[in-house]
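Student: I have a structure I would like to understand better, so I am pasting it below and will then ask my questions one at a time.
The values are calculated or read from the model by the stated rules, or taken from the named source; none is laboratory data. Note that the structure is a prediction, hence the values are computed from the model and not measured. Cβ: placed from backbone, ideal geometry, glycine included. Neighbour counts: every protein chain shown. All accessible areas refer to the heavy atoms of the entire protein, side chains included, with ligands and DNA or RNA removed. Shrake-Rupley method; radii C 1.70, N 1.55, O 1.52, S 1.80 Å.
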Amino acid sequence: MTTNEEYRNLLRRSLIVAGSCILAVIICYFWVDRSVAFFVYDHHINKIEVFRWLTYPPPEVQNWSALVLAILIVRRAWGPLLRWQKVLLVACISLIVADDFRISLGDVFGRYWPETWRHDNPSLIGTGTYGFHPFQLGDDVGSFPSGHACRIFGFAGVWMMAMPGSRVVAIVLSAPMLVSLVAMNYHFVSDVIAGSVLGALVAVYATHLARLNKCRANIPVSDSSNSRATRVNALRDV
């Protein structure tokens with residue numbers, strides 16, 4: 001398969017995923033989002049501190065990503081990056097790009113938040129305001145898609161695809177953070193779905209562009225005395 005065919009297939013799959021996401025968002029918008037937000041509020045679920053703590057890691061990882069990138073760039077001067085180092089570099093770039101993309105889409109969709117929680121922002125529970133207001137700029141209308149969910153999958157998605165052994169750990173760490181966004185009424189269910197899909201798509205393209213999905217497949221298998229050294233070198237960045 002040529003590179004062009006590979007990316008056409010990737011684009012085709014991406015459009016299918018995006019279409020499925022849009023359908024899920026529509027369903028949640030009309031039949032899920034409001035009922036879940038009121039349930040969280042009525043049962044005081046957003047008063048459980050552990051959910052608040054679980055929302056802290058995604059933005060903190062983003063805050064440190066630029067420094068990690070700088071360290072890895074300096075490290076490259078002393079030789080090729082190890083595979084995990086290259087994966088970390090790509091994951092940080094993916095997170096930053098995904099969140100910037102999310103900010104752009106937030107301005108495009110202009111959705112009010114589930115609850116009023118900063119600067120007296122309009123919200124479903126606080127002011128009875130619900131819905132999308134396209135191209136209305138400002139933090140008051142930045143609920144969709146979820147930036148936290150986008151960061152989570154923008155970063156963790158690269159690890160899950162490039163390092164399959166990390167998938168269970170990534171899922172175990174990511175799932176509670178995603179739940180916490182709804183449990184704190186920081187986001188509607190559809191916000192989290194859209195943010196997760198957006199972050200995952202950015203991670204997929206970042207992984208493909210960095211060819212991280214090809215490295216292990218290209219590791220040669222040999223019975224010669226040099227086979228071990230060959231396999232080790234194949235795991236290194238070029």
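Student: Considering only residues that are buried (at least 22 other Cβ atoms within 10 Å of the Cβ) and either in contact with a Leu (Cβ under 9 Å, 6 or more places away or on another chain) or modelled with pLDDT under 95 (or both), which ones fall in the stretch 190-211?
Tutor: Hits for the stretch 190-211 are D191, V192, A194, G195, S196, L198, G199, V202, A203, A206.
Student: Of (1) of a type outside the set (K, R); (2) within 30 Å of L212 (Cβ to Cβ); (3) in contact with a Pro (Cβ under 8 Å, 6 or more places away or on another chain), I73 satisfies all except one. Which?
Tutor: Unmet for I73, out of (1) of a type outside the set (K, R); (2) within 30 Å of L212 (Cβ to Cβ); (3) in contact with a Pro (Cβ under 8 Å, 6 or more places away or on another chain): (3).
Student: While we're on this one: Kindly list, by first and then second residue, each pair from a residue in the stretch 14-42 that is touching a residue at least 60 places away in the same chain (Cβ under 8 Å) to a residue that is assigned to a loop (DSSP other than H, G, I, E, B), limited to pairs with Cβ atoms under 6 Å and residues at least 6 apart or on different chains.
Tutor: Correct list of pairs: D33/F188; A37/P114; A37/N185; V40/N185.
Student: From the list A24, A66, which residue is open to solvent by less than 90 Å² (accessible area, probe 1.4 Å), in contact with a helix residue (DSSP H, G or I) (Cβ under 8 Å, 6 or more places away or on another chain) and under 19 Å from H187 (Cβ atoms)?
Tutor: A24
Student: Residues of the stretch 118-128 being open to solvent by less than 40 Å² (accessible area, probe 1.4 Å) and assigned to a loop (DSSP other than H, G, I, E, B), which ones? Don't jump to the end; show me each part of the working.
Tutor: So the first thing to find is which residues in the stretch 118-128 are open to solvent by less than 40 Å² (accessible area, probe 1.4 Å), and the list is 121-125.
Passing the criteria: N121, P122.
For every residue, the table says whether it meets (1) assigned to a loop (DSSP other than H, G, I, E, B); (2) in contact (Cβ under 8 Å) with a residue 40 or more places away in the chain.
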residue	(1), (2)
V87	no, yes
V90	no, yes
S94	no, yes
D99	no, yes
D107	no, no
T116	yes, no
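Student: Within the stretch 78-102, which residues are crowded, with 22+ Cβ neighbours inside 10 Å, more than 11 Å from V68 (Cα to Cα) and not β-branched (V, I, T)?
Tutor: If the condition is that a residue be crowded, with 22+ Cβ neighbours inside 10 Å, more than 11 Å from V68 (Cα to Cα) and not β-branched (V, I, T), then K86, S94, L95, A98, D99, R102 are the ones that fit.
Student: Filter the stretch 27-44 down to residues that are open to solvent by less than 80 Å² (accessible area, probe 1.4 Å) and not aromatic (F, W, Y) and give me whichever is nearest to T127 (Cα to Cα).
Tutor: Going residue by residue through the stretch 27-44, those that are open to solvent by less than 80 Å² (accessible area, probe 1.4 Å) are 27-29, 32-33, 35-37, 40.
Now restrict to residues that are not aromatic (F, W, Y): 27-28, 32-33, 35-37, 40.
Working: I27: 23, C28: 20, V32: 19, D33: 16, S35: 16, V36: 17, A37: 13, V40: 16 Å.
In this case the residue turns out to be A37.
Student: In addition: Suppose the filter is in a helix (DSSP H, G or I) and closer than 24 Å to C21 by Cα; does I152 pass it?
Tutor: Values: in a helix (DSSP H, G or I): yes; closer than 24 Å to C21 by Cα: yes.
Taking the combined requirement at face value, the residue satisfies it.
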